[in-house]
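A.B. asks: First the structure, then my questions, so here it is.
The values are calculated or read from the model by the stated rules, or taken from the named source; none is laboratory data. Given the structure is predicted, the values throughout are model-derived calculations rather than measurements. Virtual Cβ from ideal backbone geometry, glycine too; neighbours counted across all protein chains shown. Heavy atoms of the whole protein, side chains included, go into the accessibility calculation; ligands, DNA and RNA do not. Shrake-Rupley method; radii C 1.70, N 1.55, O 1.52, S 1.80 Å.
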Amino acid sequence: MKKQYSAKNNNICKPAKTFLKLNNKRIVLFGSAIFSILFISACSPDSIFEDSMPMTEATANNADKTLQEAQEIEDNIRNSYARLASQRSDVCPKLIQEDVGSQVVERTAEVMVDDYCDYFLYPQEGQNISVKVNNRQIEALLIVPTLHNFANGDYQVSSYDKHVIRLAYNGADYKPENFIYDVAVTIAN
């Protein structure tokens, strides 16, 4: 009788053990799935939470500051190039600087290689700028900070900014390869 009883006892415990084994397998499988999802999201460069967070004001200001610094560096490089180009007659753009005690900056025997040549200038607020060119085939324009044709008269500076004077070939004939001209820029108070 003991054997029958033990056989009955074994049959009763068998389904409970298999049920527990199935639950343990499900728990381990579920846990490993959750762990792998967390591991992948932690290792990915673009986290779900980073994408959903709005850009803060500090990051926006840092981005604007970085962009502004990059533009200032680019402008400084152009000005450095223009400063060096001012010593040569056939390279543009050029930086114009007034001599101490003089209001007129004269450039003689300038050579226009392309269709135009730009001159950079930093006048003070309230000054007047006028441009005279010895050749009627050249048009003198102020293109930065506003558009002004010097054939219509002088330009009064309204703010201390970079001003760009463009001398452009505006002749009826084809422009010669090396077009020579003289220019005088007057900066008066």
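A.B. asks: Considering only region 55-64, I want to know if a residue exists there that is modelled with pLDDT of 80 or more and not aliphatic (A, V, I, L, M).
C.D. replies: Checked against the condition, which is being modelled with pLDDT of 80 or more and not aliphatic (A, V, I, L, M), region 55-64 yields at least one hit.
A.B. asks: Applying the selection to region 158-189, what residues are among the aromatic types (Phe, Trp, Tyr) and at pLDDT 90 or above?
C.D. replies: Matches in region 158-189: TYR169, PHE179, TYR181.
A.B. asks: Which one of these does LYS8 not meet: (1) modelled with pLDDT of 65 or more; (2) over 24 Å from the mean Cα position of the chain (by Cα); (3) among the basic types (Lys, Arg)?
C.D. replies: Status for LYS8: all satisfied but (1).
A.B. asks: Keeping to region 121-139, report how many residues are open to solvent by 10 Å² or more (accessible area, probe 1.4 Å) and part of a strand (DSSP E or B).
C.D. replies: Here the count works out to 7.
A.B. asks: Quick one: how many residues across region 140-164 are open to solvent by less than 70 Å² (accessible area, probe 1.4 Å), out of contact with any Lys or Arg (no Cβ under 6 Å at 6 or more places or on another chain) and in a strand (DSSP E or B)?
C.D. replies: The qualifying residues number 8.
A.B. asks: Right, another one. Across region 146-163, which residue is farthest from the chain's Cα centre (by Cα) among those that are hydrophobic (A, V, I, L, M, F, W, C) and within 14 Å of LYS132 (Cβ to Cβ)?
C.D. replies: Of everything passing the filter in region 146-163, ALA151 is farthest from the chain's Cα centre (by Cα).
A.B. asks: Within the bounds of region 78-93, is there any residue that is at pLDDT below 75, loosely packed, with under 10 Cβ neighbours inside 10 Å and not in a helix (DSSP H, G or I)?
C.D. replies: yes
A.B. asks: Taking the options SER89, SER130, name whichever one is hydroxyl-bearing (Ser, Thr, Tyr) and touching a helix residue (DSSP H, G or I) at 6+ places or on another chain (Cβ under 8 Å).
C.D. replies: Among SER89, SER130, only SER130 is hydroxyl-bearing (Ser, Thr, Tyr) and touching a helix residue (DSSP H, G or I) at 6+ places or on another chain (Cβ under 8 Å).
A.B. asks: Oh, and also: Which one of the conditions (1) more than 22 Å from SER102 (Cα to Cα); (2) open to solvent by 20 Å² or more (accessible area, probe 1.4 Å); (3) touching an Asp or Glu at 6+ places or on another chain (Cβ under 9 Å) does ALA172 fail to meet, given that it meets all the rest?
C.D. replies: (3)
A.B. asks: In region 175-185, which residue that is farther than 15 Å from TYR122 by Cβ and under 35 Å from the mean Cα position of the chain (by Cα) is surrounded by the most Cβ atoms within 10 Å (Cβ to Cβ)?
C.D. replies: So the residue we want is VAL183.
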